[in-house]
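What follows is a set of notes on a single structure, which appears directly below.
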Amino acid sequence: MEELARAAGITVRTLRFYRERGLIPPPRREGRIAWYDDHHLARLRTITGLLERGHTLNGIADLAATFESGRDVAEVLGLGEPTEETPVRLTPEQLADYFEGEVTPENLATALDLGYLATDGDEIVHISRRLLEVSAELVREGVPLSTVLSSGRRVREHADALAEIFVRVLHAHTKETEPAQLRPLARAVVDAELSMALDRRLRREDGTQPPKT
């Protein structure tokens with residue numbers, strides 16, 4: 001314990017307090033010897049970083065509980081299934097830097113439920129770099145992260161419906177389950193239709209096009 005506290009730059013008393021609060025997992029025991037490892041040190045550095053950013057110990061405890069209730073990384077990423085998305089590994093501090101002031105237990109719970117986030121030891125895994133970057137950009141533009149996540153849930157519903165349309169067409173007219181050209185063709189159709197839909201909506205809001213009756 002003394003060695004861990006010294007490496008983390010805290011007192012043994014503080015370390016004991018963190019253990020009592022459940023902020024770090026218990027050590028591995030061999031007889032009367034308690035072994036701490038790099039995961040304990042990483043957790044302590046995370047706690048220090050979050051405290052420096054203004055989080056309270058109660059809030060950090062809530063965050064830790066939320067992380068530990070996360071889904072398995074393999075389940076979230078669908079390992080073995082085809083994907084074009086690139087997952088991103090983050091420390092809690094890095095995630096806080098992406099969404100400064102918005103990383104609350106409620107938002108983390110929603111992101112875990114959506115499958116955007118998973119936990120792997122002391123690391124957080126975001127399922128898609130593209131989603132991470134655009135979500136952070138929306139927050140920087142002033143959109144609350146809770147709104148980004150709730151909108152993401154609605155977008156997913158429509159995306160699932162679009163995917164079903166393309167897969168049904170595929171099954172009805174080809175013998176292949178997923179030819180190489182399906183993804184780019186589907187994306188091209190959706191991108192073009194979304195672009196035109198945005199044009200129509202913006203023209204209506206600008207008053208350059210009367211709304212449909």
### Message
Could you work out how much longer the chain between residue 151 and residue 21 gets when fully extended? Use 0.36 nm per residue separation minus the Cα distance between them, nm to one decimal.
### Response
43.3 nm
### Message
Just to compare against my own numbers: the Cα pair-distance distribution for the chain, 10 Å bins, whole % per bin, please.
### Response
7, 25, 27, 19, 12, 7, 2, 0
### Message
Can you tell me the orientation of helix 182-206 relative to the chain, as the angle in degrees between its alpha-carbon axis and the longest Cα principal axis, to the nearest 10?
### Response
80 degrees
### Query
Roughly what angle does helix 105-114 make with the longest principal axis of the chain, taking Cα atoms, 0 to 90 degrees, to the nearest 10?
50 degrees
### Task
Loop sites only, by DSSP: take the trypsin sites (Lys or Arg not before Pro) in the chain that have at most 10 other C-beta atoms within 10 Å and name the longest stretch containing none of them.
33-174
### Query
Local charge sum around residue 129 (other residues, Cβ-Cβ under 12 Å, Lys/Arg +1, Asp/Glu -1)?
-1
### Message
Given a 1.4 angstrom probe, I'd like the percentage of the accessible area of the chain that is carbon and sulfur, rounded to a whole number.
### Response
53 percent
### Task
At 1.4 Å probe size, with every protein chain present, just tell me what the per residue accessible area of the chain comes to in Å².
67 Å²
### Task
Before rounding to the nearest 500, sum -39500 (n - 2.57) across all DSSP H runs of length at least 4 in the chain and divide by the residue total; then give [θ] at 222 nm in deg cm²/dmol.
-19500 deg cm²/dmol
### Task
Measure nothing fancy, just the Cα-based angle from helix 57-68's long axis to the longest principal axis of the chain, in degrees from 0 to 90, nearest 10.
60 degrees
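The values are calculated or read from the model by the stated rules, or taken from the named source; none is laboratory data. Source: prediction; values computed, not measured. Virtual Cβ from ideal backbone geometry, glycine too; neighbours counted across all protein chains shown. In case anyone asks, the SASA skips ligands and DNA or RNA and just uses the protein heavy atoms, side chains included. Shrake-Rupley method; radii C 1.70, N 1.55, O 1.52, S 1.80 Å.
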